[in-house]
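Enquirer: Below: one structure in C-alpha cells.
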Amino acid sequence: MKSEFSQSATYQKDQLMSQGKIKFEDASGYDQMMGFWSQLVGDEFLKWLAPKKGQRWLDIGCGGGAFTEQLMLGCAPSYLAGVDPSEDQLAFARKRSSLKTAEFRKSDAMELPFEENEFDAATMALVLFFVPEPRRGVAEMLRVTRPGASISAYVWDIHNGGFPPEPIKAQLQKMGVELPLPPSSDISKMANLRSLWTEFQLSDIETEVIKVSRSFDNFDDFWSITTNSASIKAALSNLPTTLLADVREAVQNELPSNADGSITYTAFANAIKGNVSK
C-alpha cells in the first residue's frame, strides 16, 4: 500500500509542479467553487477598508468579476476598471449585469495599461501571491494612482492554514502529495505584506486578519464542494481508488462536525491597506 501511494504521489507532484504556474481559465468552475468564499471575504474586506463613494477604482486580477461586482455595488464608483490576463475570465466578468458600465482590459498586473495618476484606489483581491514579482505589481499600483490614493490587497493565509480547502490539502501533504503553490506564496505572510507596503513608503498602513466561516449541510456537502478546487481536483483524480477513499476518511475523521452533522469551516486571509504619499 505504501509503495503504491508513493508512486502515485510522485507522479502527481511531477504532473502538478511541471506546469510551473497556476492558471484560472475556467471562470464558471472557479466561481462555483470559490465564489462563495470570495464573496464572504470580499464583503468583510470592504467593511474594513471603508472606502469613499464616487471614486475611480481599479481591480487588478479581477478574474470573472466577483470582487469587481462587490466594488460596484458597495462603493458606487464614478469609474471602475478591471484587468486580468485571462480572456475567458474577462468574458465572464463582462456578462455580469451589474458591471455593464465597468471597463475590462486584458493585462498583466506588472504592466498596467493605464497612464499615471488615473485612479483614487487600486486593489488586488486574492491576487498578489499569483503575481510573479509582487514588488513590480505594487509599483504599478502606485504609478497609476494619485497622491492620497488607497492601495490595498488581501490574500488567503496559505502557509498558516487559511486556505478554504486546507483540510484536504493537509491530508494530501501528509500522504506525500504536494500541491502547487502560487508563484509568490510567501507574500501571503502578514510580515511580508507589511514590509512591502513599508518599502514603498505608503502612509497610514494598517493590517487585518479577516476570518470568514461557511456552513455545509454535512460532510458529503463539504467534500463535493471543496473538491471542486482546481488543484485539489487534479490531485485526487490521479489517486488510486483505495487511496482516494483513505484521504476522504482521514479528512472526515479530523474535521469537526456539529451535533446535527453539519460542518462549519473557517478560512482566513491577510489584508493590508495604505495611502500613496501626497
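Enquirer: I'd like the residue in segment 179-190 that is in a helix (DSSP H, G or I) and among the polar types (S, T, N, Q) and, out of all such residues, is surrounded by the most Cβ atoms within 10 Å (Cβ to Cβ).
Expert: Filtering first and then ranking leaves Ser188.
Table: residues versus (1) surrounded by fewer than 20 Cβ atoms within 10 Å (Cβ to Cβ); (2) among the charged types (D, E, K, R).
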| residue | (1), (2) |
| --- | --- |
| Leu99 | no, no |
| Glu115 | yes, yes |
| Ala139 | yes, no |
| Arg143 | yes, yes |
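Enquirer: Specify which of the listed residues (Lys106, Lys174) is under 14 Å from Gly63 (Cβ atoms) and of a type in the set (Lys, Arg). Step through it out loud before you land on a result.
Expert: Values: Lys174 fails: under 14 Å from Gly63 (Cβ atoms).
Lys106 is the lone residue from the list that is under 14 Å from Gly63 (Cβ atoms) and of a type in the set (Lys, Arg).
Enquirer: Give me the helices (runs of 4 or more DSSP H) completely within segment 218-260, filtered to those with at least 1 residues that are more than 26 Å from Gly35 (Cα to Cα) and of a type outside the set (Gly, Ala, Ser), ordered by residue number.
Expert: 241-254
Enquirer: Just give me the residues in segment 191-205 being in contact with a helix residue (DSSP H, G or I) (Cβ under 9 Å, 6 or more places away or on another chain), surrounded by 14 or more Cβ atoms within 10 Å (Cβ to Cβ) and not polar (S, T, N, Q), in sequence order.
Expert: Start the filter on segment 191-205 by keeping residues that are in contact with a helix residue (DSSP H, G or I) (Cβ under 9 Å, 6 or more places away or on another chain), which leaves 192-193, 196-197, 199-200, 202, 205.
Going one step further and asking which of them are surrounded by 14 or more Cβ atoms within 10 Å (Cβ to Cβ), we end up with 192-193, 196-197, 200, 202, 205.
Across segment 191-205, the qualifying residues are Leu193, Leu196, Trp197, Phe200, Leu202, Ile205.
Enquirer: Looking at segment 255-271, which of the residues that are surrounded by fewer than 14 Cβ atoms within 10 Å (Cβ to Cβ) and within 20 Å of Trp156 (Cβ to Cβ) is farthest from the chain's Cα centre (by Cα)?
Expert: Thr264
Enquirer: Starting from segment 67-93, take each residue that is farther than 16 Å from Asp120 by Cβ and list its partners that are among the β-branched types (Val, Ile, Thr), counting only C-beta distances under 6 angstrom and pairs at least six apart or across chains.
Expert: That search, which allows pairs on different chains as well, returns Val83/Ile60.
Enquirer: Where in segment 100-178 are the strands (runs of 3 or more DSSP E), entirely inside, with at least 1 residues that are more than 20 Å from Ala66 (Cα to Cα)?
Expert: Of the strands (runs of 3 or more DSSP E) lying wholly inside segment 100-178, those with at least 1 residues that are more than 20 Å from Ala66 (Cα to Cα) span 119-125, 145-156.
Enquirer: Checking Ala267 against (1) more than 25 Å from Lys47 (Cβ to Cβ); (2) in contact with an Asp or Glu (Cβ under 9 Å, 6 or more places away or on another chain); (3) of a type outside the set (Phe, Trp, Tyr); (4) outside any helix (DSSP H, G or I): exactly one of these is not met. Which one?
Expert: Failed condition: (1).
None of the figures in this text is laboratory data; all of them are computed from the coordinates on show. Model, not experiment: these values are computed from the prediction. With ideal geometry, Cβ positions are generated from the backbone for all residues, glycine too; neighbour counts draw on all protein chains shown.
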